[in-house]
Amino acid sequence: MSKFHLMISAAILMAAVTVAAAPPGGLSTDFIRQLQDTEMTGTDKLLADIVANKNVTEVALNRDELIAHSKIFNFKIKSGDITNQKSSGRCWMFAGFNILRPQVMQKYKLKAFEFSQNYLMFWDKLEKANCFLQLMIDMAGRPLDDRELDIVMEDPLGDGGWWTYFADLAEKYGVVPKEVMPETFNSSTSGTMNGLISQKLKEMGLQLRGMALTGRPPADIESAKIDMIKQVYRWLVMNLGQPPKEFTWRYETTDSASIKTHPKTLTPQEFYKDIINCDLGEYVAIFDLPHKDRYKAYSLRFGRDIYERPDFVLVNVPADTLRAYAAKSVLDSTPVWFAADIGKENYGADGILKRDIYDYAAIYGTTFEMPKGDLIQTRIITANHAMTFLGVDTLNGQVQKWLVENSWGGDHGDKGTWTMYNDWFDRYVFGLVIHKKYLSKELIKLAEMEPVVLPPWDPMSSLNRLE
């Protein structure tokens, strides 16, 4: 063999050795071969064949838990028909209206009633547009890759929100019945509208940023922003309709077949203050965040839709405290707004929220148990949906399970409702909103203290607004 061929052979041999021995931290070829040589036999082979041909949730469905499930509740708050947010992220708003609806229906003996979610959505979008543009002015001195600014620019007009978005909007703009400003295609299917207006908002935001960086007078920048808001208002009217200034309220009662008319024309603010007559500022948000210090108030940076309002504030307490106050409120016929991760251990076909409703451990041969704080910090669970507690089932004075009113229409769950068990509550419910009259003085004082500010990249901050 020539010297040349010997050199080529040596080079090939060295290359083969290099491929086989991966750098530290990599997967070597020998290790990959070992994995490929592993054969599944017996039960593992049977499970592999089954799982490969079916959705794993169907295979893992725990029949014992299904049999043990009961739809019976010994206490329910009477409410209206199940609402439907359709293809929009307005759960926080629907849940907010759903805690107000029972008292209105009872007060006026209404046969049926629903608030206009489209009306409040209109003002939510306008306020979010203004908040975004003003923040672009405020943060003009920062580089575009600034971590906070990057988050602000991510989604200027998304549907998501928190409890305080709902409360602040209702206080400022009032509310109206659904028939006064009904849904449109784009209120129910908001993706295209949001995308187009968000793109224009980012373009406008860069224009305002440029004006600020070149030293234009604040009055000129504000004037330019106002002109931009006028354009956004026009686009919102095209998509959602014109919000009413005043209206006549006509309603049908249960004690007679007659239609009644309120004696005076009402503005949305008058309808909220006089007809609804509820001070949403009297509600306090309490959350279970085990990875953070207990019995402290926290605020979510940029957790607001109205620029001049405070960020969303919550008080951190244990899960059993959440359950105790939720039960106290529901048993007094006051529904409870709450936030949870709806995507976990949810048997949607029958509306069951229960730990181990799916037995994944039996399939994969491992447990899926982590402390709740770790689940939150690693973003395995997020507060991605808001719903309403509308009833409980008790045994010997202790709540066994919770009746949940969702906003996905009557074709999902158990005709639009879900049954939540305590083990699911403790693991996946992040927090809820309770009227002050049910809370201890100590908790109320905590809510009024200067909060610890959570950065916008925190798992609980505005990046994960409920949708």
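Relative to the present Cα-Cα distance, how much length would full extension add between Ile32 and Asn74 at 0.36 nm per residue of separation? Don't jump to the answer; show the numbers that get you there.
On the way: separation 42, 0.36 × 42 = 15.12 nm, distance 5.76 nm.
Here the answer is 9.4 nm.
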Relative exposure of Val51, Val232, judged by other C-beta atoms within 10 Å (fewest first): Val51, Val232
Select from the chain the helices, each a whole stretch of DSSP H, whose alpha-carbon atoms run 18 Å or more along the helix axis and whose Kyte-Doolittle mean is at least -1.0; answer none if there are none. 3-20, 91-108, 117-138, 191-213, 218-240
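With viscosity set to 0.692 mPa s and temperature to 37 °C, compute the Stokes-Einstein D of the chain, Rh being the Kirkwood radius across alpha carbon pairs; µm²/s, no decimals. Let's see the in-between values first.
Working: Rh = 25.3 Å.
It diffuses with D of about 130 µm²/s by this estimate.
Go through Lys172/Lys264; Lys78/Lys273; Lys109/Lys172; Lys76/Lys372; Lys107/Lys328 and tell me which ones have a Cα-Cα distance over 25 Å in this structure. Working shown, then result.
On the way: Lys172/Lys264 21 Å; Lys78/Lys273 23 Å; Lys109/Lys172 27 Å; Lys76/Lys372 29 Å; Lys107/Lys328 21 Å.
Result: Lys109/Lys172; Lys76/Lys372 exceed 25 Å.
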Which whole-number percent is the relative contact order of region 312-467 (Cα, under 8 Å, 6+ apart)? 32 percent
Lysine pair count for region 373-467 [Cα-Cα under 29 Å; pairs on different chains or 8 or more apart]: 6
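Provide the gained length on full extension for the span Phe368 to Lys109, in nm with one decimal, where the gain is 0.36 nm per separating residue minus the Cα-Cα distance.
On the way: separation 259, 0.36 × 259 = 93.24 nm, distance 4.84 nm.
Here the segment from Phe368 to Lys109 would lengthen by 88.4 nm.
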Ile67 and Asp81 label points (each 7 Å along its Cα→Cβ direction) are spaced in nm at 3.9 nm
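Just to be sure I understand: of the beta bridges DSSP finds with both ends in the chain, what percent are antiparallel, rounded to 5? Please report the intermediate quantities before stating the final value.
On the way: 43 of 51 bridges.
Antiparallel: roughly 85 percent of the beta bridges in the chain.
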Those trypsin sites (Lys or Arg not before Pro) from region 66-163 that are DSSP loop and have at most 16 other Cβ neighbours within 10 Å turn out to be Lys71, Lys78, Lys86, Lys109, Lys111
Please report, to two decimal places, log10 I(q)/I(0) for region 182-273 at q = 0.25 Å⁻¹ as given by the Debye formula with identical point scatterers on the Cα atoms and no solvent. -1.17
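Given Cα pairs under 8 Å that are at least 6 residues apart, what percent is the relative contact order of region 146-258?
Numbers: 40 pairs, mean separation 39.1, N = 113.
For region 146-258, the relative contact order is 35 percent.
Filter the GluC sites (Glu not before Pro) in region 308-372 to those in DSSP coil with at most 10 other Cβ atoms within 10 Å of their Cβ, and list the result. Before the final figure, lay out the partial values.
Working: sites: Glu308, Glu345, Glu369; in loops: Glu308, Glu345, Glu369.
Answer in residue order: Glu369.
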For q values of 0.13, 0.14, 0.16, 0.18 Å⁻¹, compute log₁₀ I(q)/I(0) with the Debye formula on a Cα-only model of region 336-467, without solvent. -0.67, -0.77, -0.98, -1.18
Taking a crude spin-label model, label points 7 Å out from Cα along the C-beta direction, the Thr261 to Lys441 distance in nm is 5.2 nm
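Mind checking Rg over Rh on region 229-368, alpha carbons, Kirkwood formula for Rh? List each step's numbers first, then the result.
Details: Rg = 22.4 Å, Rh = 20.7 Å.
Here Rg/Rh amounts to 1.08.
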Calculated diffusion of region 87-205, Stokes-Einstein form, Kirkwood radius summed over Cα pairs, 37 °C and 0.692 mPa s, µm²/s: 209 µm²/s
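What percent does the relative contact order of the chain come to when contacts are Cα pairs within less than 8 Å and at least six residues apart? Don't skip to the end; give the middle numbers.
Values: 762 pairs, mean separation 101.2, N = 467.
In percent, rounded to a whole number, it is 22.
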Given Cβ point charges of +1 (Lys, Arg) and -1 (Asp, Glu) and nothing else, what value in debye, to the nearest 20, does the dipole of region 75-464 about its Cα centre take? 780 debye
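Computed from the coordinates by the stated procedures, all read-outs in this text should not be read as laboratory data. Note that the coordinates shown come from a computational prediction; the quantities given were computed from them, not determined experimentally. All Cβ positions, glycine included, derive from the backbone under ideal geometry; neighbour counts span all protein chains shown.
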